[in-house]
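In what follows, a structure is listed as structure tokens, so that the remarks can point back to it.
The values are calculated or read from the model by the stated rules, or taken from the named source; none is laboratory data. No experiment lies behind these values; they were computed from the predicted model shown. Cβ sites come from the backbone with ideal geometry, for glycine too, and all protein chains shown count toward neighbours.
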Amino acid sequence: MRKDKLIASIIAAVIMIAGGIFLINWLTRSRAGDLEVRNPKAEVVEGLTTSSKVEIEKAGGKGKLYKEIGVASREKGSWLQFRGPGQTNIITTEKGLFSKHLIEPARIIWREKTGEGYAGPAVNNGRVYFIDYDPVRKEDSIRCLSFKDGVEIWKYNYPVKIKRNHGMSRTVPAVNDKYLVTLGPLGHLTCLNALTGELFWQKDLVKEYGTKIPEWYAGQCPLIEGEVVIIAPAGKEVLLTALDLKTGKPAWAAPNPGGTHKMTHSSISIMNFKGEKQYVYCASAGVVSVSAKDGKLLWTDPTWKINIANVPAPVVVDNEKILFTGGYDAGSKYVRLVKEDGQYKLQEIFKVKASVFASQQATPIYYKENFYGVIPDGQLACVDETGKQLWKSGTDKKFGLGPFFIADPDGVLLVLNDMTGVLYEVKADSVKYEELGKMKILNGHEAWAPMALVNGKLLAKDLTELVCVELR
């Protein structure tokens, strides 16, 4: 009897201790505002978050589809690709969003832990998509979360052994109502059912095209156009290609003569030049443009190339001008495309040093006849179409490699400090740097991922966490 009482006392003590630990943990978890809703799975981590009732399905190849407990929200609104609507990083559907300026504390809706990386989100049909990396399983992980609360709906994983090199994943998916396409750090191009996560097809660009993955891994973001996805393998024979979303079969393939051009971190931009749609890409040996109709190589510019890392996408202006920019002292070059006697030519409008205007990572924004971007010393800067620098934010106001976008017609530029995680609201005009508000939304270490804004909700990411913030 005495032994039974002793056992019962021990069990009771263990239960009390466990309960106390749980209570302390719950009470001491950080909160970033009264409206914060914690993702119930965000801290159940073995590699990446996984529900206790996970269902694993074979989805073809070596990948696995994990069904989770999340449910898509019913709200409309989308951010379908890198740089958002029209590839501009300008949001025109949020009128009046900034009638009240940003103030502390940030109203965090949910947070989700991630593997190390800088991959940005896409949003559609109440779902948030991004590519992640699971360091425990050593797998790329294409994840689908509920836009409402951040709870995972499904994830599709496939094995990839990769070492940390400034994180792993660093691209933005492309999505429509049926298809989701991602590019992994080692060149795995994957097309899934956007609703269910089931595999349509997958291509290893290295094996299939002879792609050479750039240092710091693949950074190119896929582009969905109608029934095809556009990608630049820049392999031994194929420079750019259009792949059928349903089958993965090529609709056309632009040649890469001599395998001259290699893949960079830059992404493809659309240009409608005098009724002819083109895809413009900054490859390793210069700029190339191909016909969207059949992949025919239209023109090249071997004078614009960056040997270390070419990251920003070409900025197309009025479908006849293009800004090229980059880090590592590349500066910026602004050109006009003309066609004379059937031949394409680039006429230089301006060329400026990096200290005047350049961007090492984020793609600059063209807005109301001016360019905005974070220059290599970390300052936010504005130049006009002649290359004249109109203003800089100042040496006491730097943003590192932080992302940014513009909300129109409010005329507001949002820029994220990559180390502090503070989001700044800045007036987007040519007069001066004018700060309107700010709020801390992330812990901030290497907050480099492209942001997304849908229905007044901002998605932003630092090295290991994705956050959803209410801005209304």
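Candidates in the stretch 116-161 are the residues that are in contact with a Leu (Cβ under 6 Å, 6 or more places away or on another chain) and of a type in the set (Val, Ile, Thr); of these, the one that is nearest to GLU465 (Cα to Cα) is VAL128.
For the structure I just gave you, tell me whether LYS351 is charged (D, E, K, R), modelled with pLDDT of 95 or more and surrounded by 18 or more Cβ atoms within 10 Å (Cβ to Cβ). Walk me through how you get there before you give the answer.
Working: charged (D, E, K, R): yes; modelled with pLDDT of 95 or more: yes; surrounded by 18 or more Cβ atoms within 10 Å (Cβ to Cβ): no.
It is false that LYS351 is charged (D, E, K, R), modelled with pLDDT of 95 or more and surrounded by 18 or more Cβ atoms within 10 Å (Cβ to Cβ).
Taking the conditions exactly as written (surrounded by fewer than 15 Cβ atoms within 10 Å (Cβ to Cβ) and closer than 30 Å to CYS468 by Cβ), does PRO409 satisfy them or not? Spell out the reasoning first.
Values: surrounded by fewer than 15 Cβ atoms within 10 Å (Cβ to Cβ): yes; closer than 30 Å to CYS468 by Cβ: yes.
When the stated conditions are applied, PRO409 passes them.
Just one of the listed residues (LYS398, LYS388, LYS461, LYS392) is surrounded by 22 or more Cβ atoms within 10 Å (Cβ to Cβ), on the phi < 0 side of the Ramachandran plot and among the charged types (D, E, K, R), and it is LYS461. For the stretch 400-423, the tally of residues that are over 24 Å from LYS388 (Cα atoms) and part of a strand (DSSP E or B) stands at 3. Mind listing whichever residues of the stretch 444-457 are surrounded by 16 or more Cβ atoms within 10 Å (Cβ to Cβ) and without any contact (Cβ under 8 Å) to a residue 40 or more places away in the chain? If the condition is that a residue be surrounded by 16 or more Cβ atoms within 10 Å (Cβ to Cβ) and without any contact (Cβ under 8 Å) to a residue 40 or more places away in the chain, then GLY444 is the only one that fits. Beta carbons closer than 6 Å, at least 6 apart along the sequence or on distinct chains, pair a first residue in the stretch 202-217 that is among the aromatic types (Phe, Trp, Tyr) with a second that is surrounded by 17 or more Cβ atoms within 10 Å (Cβ to Cβ) for TYR209/PRO233; TYR209/GLY235; TYR209/VAL238; TYR217/PRO185.
Considered as a group, the residues in the stretch 93-140 that are of a type in the set (Ser, Thr, Tyr) and in contact with a strand residue (DSSP E or B) (Cβ under 8 Å, 6 or more places away or on another chain) include one that is nearest to GLY373 (Cα to Cα), and that residue is TYR118.
Screening TYR334 with (1) part of a loop (DSSP other than H, G, I, E, B); (2) at pLDDT 95 or above; (3) not β-branched (Val, Ile, Thr) gives one miss only, at (1).
Residues in the stretch 82-113 that are surrounded by 19 or more Cβ atoms within 10 Å (Cβ to Cβ), part of a loop (DSSP other than H, G, I, E, B) and among the charged types (D, E, K, R): ARG83, GLU94.
Within the stretch 136-183, no residue satisfies the criterion of being free of Cβ contacts under 8 Å to residues at least 24 places away in the same chain and over 26 Å from ALA309 (Cα atoms).
Looking at VAL172, VAL181 in this structure, which one is within 18 Å of GLN81 (Cα to Cα), among the β-branched types (Val, Ile, Thr), touching a Phe, Trp or Tyr at 6+ places or on another chain (Cβ under 6 Å) and crowded, with 18+ Cβ neighbours inside 10 Å? Working first, answer last.
Numbers: VAL181 fails: touching a Phe, Trp or Tyr at 6+ places or on another chain (Cβ under 6 Å).
Answer to the check: VAL172.
Which of the numbered conditions does LYS161 fail, given that it passes all the others? Conditions: (1) farther than 22 Å from GLU68 by Cα; (2) surrounded by fewer than 18 Cβ atoms within 10 Å (Cβ to Cβ); (3) out of contact with any Lys or Arg (no Cβ under 8 Å at 6 or more places or on another chain). All conditions pass for LYS161, except number (3).
So, in the stretch 412-434, of the ones that are among the β-branched types (Val, Ile, Thr) and farther than 15 Å from LYS398 by Cβ, which residue ends up nearest to the chain's Cα centre (by Cα)? Don't jump to the end; show me each part of the working.
Just the residues of the stretch 412-434 that are among the β-branched types (Val, Ile, Thr), to begin with: 412, 415, 420, 422, 426, 431.
In the following step, the residues that additionally are farther than 15 Å from LYS398 by Cβ were identified as 412, 431.
Details: VAL412: 21, VAL431: 30 Å.
Looking at the filtered set, the residue picked out is VAL412.
Among residues of the stretch 304-331 that are outside any loop (DSSP other than H, G, I, E, B), those with a beta-carbon under 6 Å from a residue that is of a type in the set (Lys, Arg) and at pLDDT 95 or above at least six positions away or on a different chain give the pairs LYS321/ARG336; PHE324/LYS333; GLY331/LYS353. Among the numbered conditions (1) within 24 Å of PRO450 (Cβ to Cβ); (2) modelled with pLDDT of 95 or more, the only one that TYR328 does not meet is (2). Listed by first and then second residue, the pairs with beta-carbon distance under 9 Å, at least 6 apart or on different chains, first residue in the stretch 54-82 and over 16 Å from GLY197 (Cα atoms), second at pLDDT below 90 and part of a loop (DSSP other than H, G, I, E, B), are GLY77/THR93.
Within the stretch 228-249, the set of residues being in a strand (DSSP E or B), of a type outside the set (Val, Ile, Thr) and either farther than 15 Å from LEU205 by Cβ or without any contact (Cβ under 8 Å) to a residue 12 or more places away in the chain (or both) comprises just one member, ASP244.
Entry remark, the stretch 337-352: residues being farther than 14 Å from PHE371 by Cβ and in a strand (DSSP E or B) number 10 in total.
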